[in-house]
Every structure is written in C-alpha cells, then in structure tokens.
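Structure first, commentary second.
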Amino acid sequence: MAKVLMKGNEALAEAAIQAGCRHYFGYPITPQNEVTAYMAKRMPEVGGVFLQAESEVSAINMVYGAGGAGARVLITSSSPGISLMQEGISYIAGAEVPCVIANIMRGGPGLGGIQPSQSDYFQATKGGGHGDYKLIVLAPSTIQEMAELVQQAFHIADKYRNPVMILGDGMLGQMMEPVDFDILKKEENKIEEKPWATTGKGTRNKRNIINSLELDPQILEKHNIEIFKKYQKAAKEEVRYEMTNCEEAEIILVAYGTIARVAKNAIEIAKRENIKVGLIRPISLWPFPEEPFKKTKDHVKAYLTIEMSMGQMIEDVKIAVNGQKEVYFYGRVGGMVPEPMAILEEIKKIRGKK
Amino acid sequence: MDFKRLTVVLGHYGTGKTEIAINYARYIKTCGYDVDIVDLDIVNPYFRPREVRKELLDGWGIKVIGVDEKYMNADMPALSRDIYSVIQDGEKYAVFDVGGDDAGAIAFGQYHNILADKDVDVFFVINVNRPFTKDAESAIKYMTLVENAARIKVTHLVNNTHLSYETMADDVIKGLEVTEDVSRKTGIPIKMTAAKRDVAEKLKNMGYDVFPIDLYMKTPWNKI
C-alpha cells in the first residue's frame with residue numbers, strides 16, 4: 001500500500017489496529033470522534049472489540065480490565081473526557097497495566113470549546129490523577145508521526161507495564177495528510193508474552209492479581225520505589241526530540257506538536273531577515289528532553305517557548321535551561337493558533353533586549 | 001461546463017467536497033449568476049466553508065449559508081433555516097456542501113421532498129487515495145450508503161483524487177481510471193476531473209473537463 005490520505009484521528013486508529021490493538025473503548029467527544037467512528041467500522045473487520053461505554057469513567061475502567069488481561073488496548077478522548085478518566089488512569093498506573101491513551105486536546109478550562117489547544121500539558125506530564133506516577137507522553141507533529149508514535153506507544157506501554165499517552169491538539173486530529181503505513185517499524189507490533197496478565201490460572205502455581213490496593217505501608221512504599229525505578233529507566237531510554245537549525249541559532253524556539261510546524265514557518269521568515277533562529281521540538285514530553293538544551297545553552301541568546309496554552313511546557317524548559325539563559329513565552333489559547341508573524345515579532349523583541 | 005440551479009456535493013470524508021463546492025460556486029459566479037454555498041456539514045468541527053465566509057463574501061460575493069456565526073463552533077448539529085429559502089427561490093443558484101459519509105449526508109436527507117421537483121445536479125466526489133474508497137467496488141458501496149442517507153440519487157461523478165499538498169498528476173490519472181470504472185458499472189456520467197491549480201495545469205487530454213481548484217481549507221502553517 002502506498003501513501004493514503006487520512007485524518008489524524010483515522011491514522012491514530014489504523015496505526016493502533018496495525019500494532020495489534022484489538023480492544024477499543026471510548027465515549028464520543030469532539031474533536032476526536034473520527035477515532036471512535038473508525039474503530040466502530042474497523043474493529044469488527046479484524047475480529048476486535050469496539051465498545052462505546054456509557055461514560056469516560058466506565059470506558060477507562062474497561063481499559064483497566066482489558067489491559068490487565070494482557071490485551072493491547074486503546075482509549076481516546078479530548079480534554080474534558082480525559083479529566084473524567086484520571087481516577088482510572090491512576091489505578092492503571094498503580095496496578096502496572098499497559099495501555100495507550102490519546103488526548104486530542106481542545107480549549108478549556110471546563111467545557112471550554114471545540115477548537116485546538118495544548119493546555120493539558122500539565123495534566124499529561126505532571127500526573128493528572130492522584131498518587132506518585134508518570135505517564136510516558138508522546139507528541140506527534142504530523143499525521144505520519146502520529147502513526148509511528150502510536151505504534152511505539154503500544155511497545156513502550158508493554159515494555160514498562162505503564163500507560164502511555166499520545167498528546168495531540170484538535171488540529172492534528174482533524175487535518176488530513178498523506179501517510180504511509182508500509183514504512184513503519186514492524187518489530188514494535190510484535191506482542192511479547194505477558195506472564196503477569198490475568199488470563200486464568202492455567203499451570204501457574206499462583207493466581208495473577210491485578211490490583212492497586214496495598215494496605216501495608218512498607219509494601220506500598222516498596223511498590224512506589226519499584227515503579228519509580230521503571231521511570232528512571234524510561235527517562236534514559238524513551239527521550240525523543242528533533243532539533244532544527246540550532247547550531248548557529250541566536251534564538252531557539254521550543255514548541256511541540258502542530259505548533260512546531262508554525263514555528264518552522266517563523267524560522268523561515270526570520271531567515272529572510274537574516275535572523276538565525278532554531279527549533280527544539282520535544283517529541284517525548286515526559287521524559288522531557290534536556291539534552292538539546294545542554295547542547296545549545298552556551299551559544300544561544302535566549303529560548304522562546306511557543307504553546308497553545310497560557311504557559312505550561314515553559315516550566316520544563318526552565319528546568320532544563322536551569323537559569324543559565326533567559327526563557328521567554330508566547331502563547332495563544334481558546335482555540336486561537338499562534339501565527340508565524342506574531343512569533344517573529346516576539347523574536348525581534350527578544351533580540352532588542354540586553 | 002453547464003450547471004443547474006442547485007448542485008449537491010456528496011462524498012467520503014477527505015474527498016475534497018468542500019474545496020469542490022467552493023470552487024464550483026466561484027465558477028457559477030464567474031458565469032454571471034448569483035450563487036450561495038450551503039454549509040450542511042454537521043460532522044466536521046473544523047475546516048468547513050463557514051470558516052472562510054468573509055473571504056468568499058468580500059472576494060467573490062458568494063454568501064455562505066450556515067448556522068449563525070456566533071454558534072459556528074457550537075458542538076451541535078444545527079442547520080440554518082435559510083436553507084429552505086435557497087431551495088424555494090427560483091432565481092438563486094446554490095451549491096450544497098454536505099458533510100462526509102452517510103453520517104453527514106443524513107442531515108441533507110430531510111430536504112428530499114422539496115427537492116424532488118427541482119433542477120438538481122448531485123455530484124459524488126471520488127478520491128481513490130482515501131483508504132475506504134480505493135477502488136471502484138468500495139467507491140460504489142460508499143456511494144450507495146451516502147445516496148440512501150441523503151435520500152437522493154447521484155447524477156454525476158467527480159474525480160478529485162489527491163494527496164493534499166503532495167498531489168501529483170499521476171494521482172489524478174489513477175483516480176480517473178477508477179472513476180471511469182465506477183461510471184461503467186453504474187451508468188453514471190463523469191462531470192469533471194478536478195485538481196489543485198498547479199496540477200490541473202499539467203493535465204492535458206483527459207477526455208473530461210479539468211477543473212482547477214484553489215485551496216481554501218488550510219492549516220495555519222500553510223497560510224503563508
């Protein structure tokens with residue numbers, strides 16, 4: 001199969017199916033409904049389960065069950081729906097169950113609107129639910145990358161027995177681009193044995209139990225420490241980022257997802273005016289890539305973080321830069337998208353500063 | 001190309017119905033007729049004609065009939081009451097941009113009674129680069145689904161096979177072969193083969209009218 005034209009939401013769904021996902025639970029919400037619609041059509045074709053739950057709370061607990069039984073399972077929603085799922089996500093992380101969750105973000109807070117946004121960065125990367133846990137968070141910027149990262153997400157989820165989140169804005173879900181499924185890495189789609197899964201006692205000596213309850217404080221502390229050892233490993237092995245024109249850049253933009261594409265436009269316009277601007281695009285939002293900042297903070301004048309939020313990722317940028325250079329922010333919210341010319345204006349303002 | 005007073009544009013998601021509808025309305029306008037675009041898309045939250053209503057009105061004098069602007073982003077499947085006046089007005093031309101798939105076409109179905117005695121062309125737009133309409137069989141299956149939901153029969157096929165900004169002349173040619181196959185199997189004639197303007201200029205001797213398209217539905221990084 002050569003390139004096909006797909007909506008981001010459709011590519012997300014198809015990539016999951018090709019990664020061996022045969023269980024999808026969801027509840028409709030704009031702007032991610034095409035995932036649900038696609039799964040309703042495709043899952044019966046591949047002998048999988050599509051189930052529209054009565055609510056997001058219910059859907060995430062179905063994911064908990066299916067993941068616990070060893071299935072590759074996907075759930076998708078948009079901002080308010082993801083908020084509803086937080087209790088279940090915390091349970092899933094606590095019980096060490098792999099699953100893939102996609103948040104196709106819209107504007108908030110509250111019901112907000114249906115236009116694109118990136119204002120769930122904190123919720124995704126800082127633990128949206130209770131307790132000490134992390135999600136590994138991947139942020140695609142193109143539809144092709146959406147397909148790639150969804151497949152990697154299933155692999156990573158199994159590897160760490162932990163939920164992985166795909167974080168995209170509504171635009172990424174709704175826009176259409178060519179995508180080639182043939183070039184994706186197939187080894188990630190191999191599902192390894194899951195001896196911990198609740199698939200019946202069989203010949204095992206002991207029953208497998210999936211649970212997040214632990215009443216003995218010593219054991220619960222040990223459990224937390226064990227989980228964090230996984231996160232330390234993930235922090236080393238799962239860092240992903242892209243650097244563009246950073247070597248000689250005077251100012252480096254930091255942006256993820258579709259906004260990185262707007263930032264690239266701004267870089268091109270700046271080049272015409274002989275202003276050297278680079279881009280750091282974090283692909284894994286947790287673990288947040290610190291390496292590209294180490295590589296650039298000696299020669300750069302300042303960093304400019306661009307987001308469709310009031311300033312969330314900027315906190316991780318500041319941690320990575322560690323006070324050694326100025327970090328500025330430009331953002332639009334509520335469904336408004338930063339424009340290249342506005343970014344250029346911000347760049348000029350920073351250049352004018354001492 | 002000849003056209004009727006009312007044109008209905010149907011098809012699978014991503015076939016380019018909206019771009020066809022807008023550009024076809026521009027064509028009718030250029031021929032000297034007063035024309036509206038009816039935005040019947042109740043399934044897509046973004047990339048709809050209502051988003052370029054100002055551009056079309058100021059630049060072309062084409063009005064977009066859709067929900068009131070203040071409800072433009074309401075997550076509700078609302079349709080404008082003005083749609084009835086467009087259909088009943090014997091003078092006014094209109095192009096209907098119907099939402100994708102059978103889900104989107106259902107909204108249009110409610111007008112089938114008052115359309116029965118009107119002068120209507122119904123286009124089914126084909127893009128064989130879309131996975132669910134990649135060959136004649138699947139395209140015909142989709143067309144039947146959409147026809148049933150819209151409660152109207154397709155009168156013409158339109159080949160609009162594309163890969164967004166990566167479209168090449170070969171895509172259009174490949175699409176036309178499938179569209180011809182659909183035409184042979186259903187007896188429905190081909191109205192035109194469409195392509196974005198730079199590709200359309202390269203297409204010669206296609207045997208059908210080549211309809212050049214200027215793109216309106218753009219992502220923020222494609223606007224400059």
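Over chain A, Cα pairs under 8 Å with separation of 6+ residues give a relative contact order of 18 percent.
Short-range pairs are left out: with C-alpha atoms under 8 Å and at least six residues apart, the relative contact order of the stretch A:242-352 is 30 percent.
Modelled label positions at A:E345 and A:E226, each set 7 Å beyond Cα in the direction of Cβ, lie 5.5 nm from each other. Applying both filters, DSSP loop and at most 11 other Cβ atoms within 10 Å, to the trypsin sites (Lys or Arg not before Pro) of the stretch A:197-258 gives A:K201, A:R204, A:K206, A:R207. Taking only Cα atoms of the stretch A:4-238, what ratio of Rg to Rh do you get with Rh as the Kirkwood inverse-distance radius? We get a ratio of 0.96 for the stretch A:4-238. Relative to the 2.2 N^0.38 Å rule of thumb, the stretch A:114-239 has a C-alpha radius of gyration ratio of 1.29.
Counting only GluC sites (Glu not before Pro) that DSSP places in a loop and that have at most 14 other Cβ atoms within 10 Å, the longest clean stretch of chain B runs over B:1-90. Of A:I209, A:I259, A:I104, the residue with the greatest mean-square motion in the GNM of chain A, using alpha carbon springs below 10 Å, is A:I209.
Pick from B:G100, B:G32, B:G109: which is most flexible by mean-square fluctuation in a GNM of chain B where alpha carbon atoms under 10 Å apart are linked? Largest GNM mean-square fluctuation: B:G32. Quick note on the stretch B:1-100: its Rg to Rh ratio, both from C-alpha atoms and Rh being the Kirkwood radius, is 0.93. How about the stretch B:44-86: which trypsin sites (Lys or Arg not before Pro) there are in a DSSP loop, with at most 11 other Cβ atoms within 10 Å of their Cβ? Within the stretch B:44-86, the qualifying trypsin sites (Lys or Arg not before Pro) (loop, at most 11 other Cβ atoms within 10 Å) are B:R81.
Please compute the Kirkwood hydrodynamic radius of the protein assembly as shown from all pairs of different C-alpha atoms, in Å with one decimal. Taking every pair of different Cα atoms in the protein assembly as shown, averaging 1/r and inverting gives 25.4 Å. The trypsin sites (Lys or Arg not before Pro) of the stretch B:156-218 meeting both criteria, a DSSP state outside H, G, I, E and B (loop) and at most 10 other C-beta atoms within 10 angstrom of the site's C-beta, are B:K204. Which is the longest run of chain A containing none of the GluC sites (Glu not before Pro) found in DSSP loop states (not H, G, I, E, B) with at most 15 other C-beta atoms within 10 Å? Longest run free of exposed loop sites: A:55-191. Note on chain A: helix-only mean residue ellipticity at 222 nm, from DSSP H runs of 4+ residues weighted -39500 (n - 2.57) and normalised by residue number, equals -12500 deg cm²/dmol. Between the stretch B:123-173 and the stretch A:332-351, the alpha-carbon centres lie 39 Å apart. For A:S141, neighbours were defined as the other residues whose beta-carbon sits under 14 Å from its Cβ, and their charges (Lys and Arg +1, Asp and Glu -1) total -2. For chain B, the extents of the C-alpha atoms along the principal axes are 42, 42, 35 Å, listed from largest to smallest. A P(r) calculated from all alpha carbon pairs of the stretch A:1-57, with 10 Å bins opening at zero, reads 24, 54, 20, 2 percent. Among the listed pairs A:K126/A:K295; A:K325/A:K354; B:K4/B:K63; B:K17/B:K191; B:K29/B:K204; A:K3/B:K196, those with a Cα-Cα distance over 20 Å are A:K126/A:K295; B:K29/B:K204.
For the stretch B:155-224, taking Cα atoms only, Rg and Dmax work out to 13.0, 43 Å respectively.
Centre-to-centre, using Cα atoms only, the stretch A:1-56 and the stretch A:177-221 are separated by 21 Å. Computed from the alpha carbon atoms alone, the convex hull of the stretch B:45-148 holds 132 Å³ per residue. Its residue count N fixes a reference of 2.2 N^0.38 Å for the stretch A:242-352, and the Cα radius of gyration divided by that reference is 0.95.
No value in this document is a laboratory result; all are computed from the given coordinates. Note that the structure is predicted; figures quoted are calculated from it, not measured. Neighbour counts are summed over all protein chains in view; Cβ atoms, including those assigned to glycine, are modelled from backbone coordinates with ideal geometry.
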